[in-house]
Amino acid sequence: MNRRVEEPITLSDGTLLRKGLLVTIATHNTRDPTLWGSEPDKFDSHRFVRMRESPGQENRWQFISTSPGFLGFGHGLHACPGRFFASNEMKIVLAHSIMNYD
């Protein structure tokens, strides 16, 4: 995820970002074991199901949800507006496949 600085800004820690600077997010955090469990690089089809079973997390970790911990669709002001369409499109394809399976 890249963003170009539109106007100079000073961050809370005193870092100055000059106009035109390209800012990139470090994506290594998406494989952080403290967030994703002991094997973040291993495919786990039930990872998010288990995460939603924790008290207070029932409505979090859905496919279209955004958070600093999961940047699949970005986060905040620049989160992908098409994520809802993408989610529904996959459901339609799956439903069509099931209904027309021979």
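Some observations on this one:
- Matching residues in the range 36-61 - criterion: being at pLDDT 85 or above, in a loop (DSSP other than H, G, I, E, B) and either more than 16 Å from the chain's Cα centre (by Cα) or surrounded by fewer than 13 Cβ atoms within 10 Å (Cβ to Cβ) (or both): 39, 41, 42, 43, 44, 45, 46, 53, 54, 55, 56, 57
- Residue check for residue 100: more than 23 Å from residue 25 (Cβ to Cβ) and touching a helix residue (DSSP H, G or I) at 6+ places or on another chain (Cβ under 9 Å): no
- Residues of the range 1-35 classified as part of a loop (DSSP other than H, G, I, E, B), exposed (fewer than 10 other Cβ atoms within 10 Å of the Cβ) and either on the phi > 0 side of the Ramachandran plot or in contact with a strand residue (DSSP E or B) (Cβ under 8 Å, 6 or more places away or on another chain) (or both), total: 2
- Condition met for residue 76 (of a type in the set (Gly, Ala, Ser) and under 18 Å from residue 3 (Cα atoms)): yes
- Meets criteria (in contact (Cβ under 8 Å) with a residue 12 or more places away in the chain, of a type in the set (Phe, Trp, Tyr) and surrounded by 10 or more Cβ atoms within 10 Å (Cβ to Cβ)) for residue 85: no
- Residue match in the range 44-55 (condition: within 23 Å of residue 26 (Cβ to Cβ) and out of contact with any Gly (no Cβ under 8 Å at 6 or more places or on another chain)): yes
The values are calculated or read from the model by the stated rules, or taken from the named source; none is laboratory data. Treat the numbers as computed from the prediction; the structure is a model and nothing was measured. FYI the Cβ positions are ideal-geometry reconstructions off the backbone, even for glycines, and counts take in every protein chain you see.
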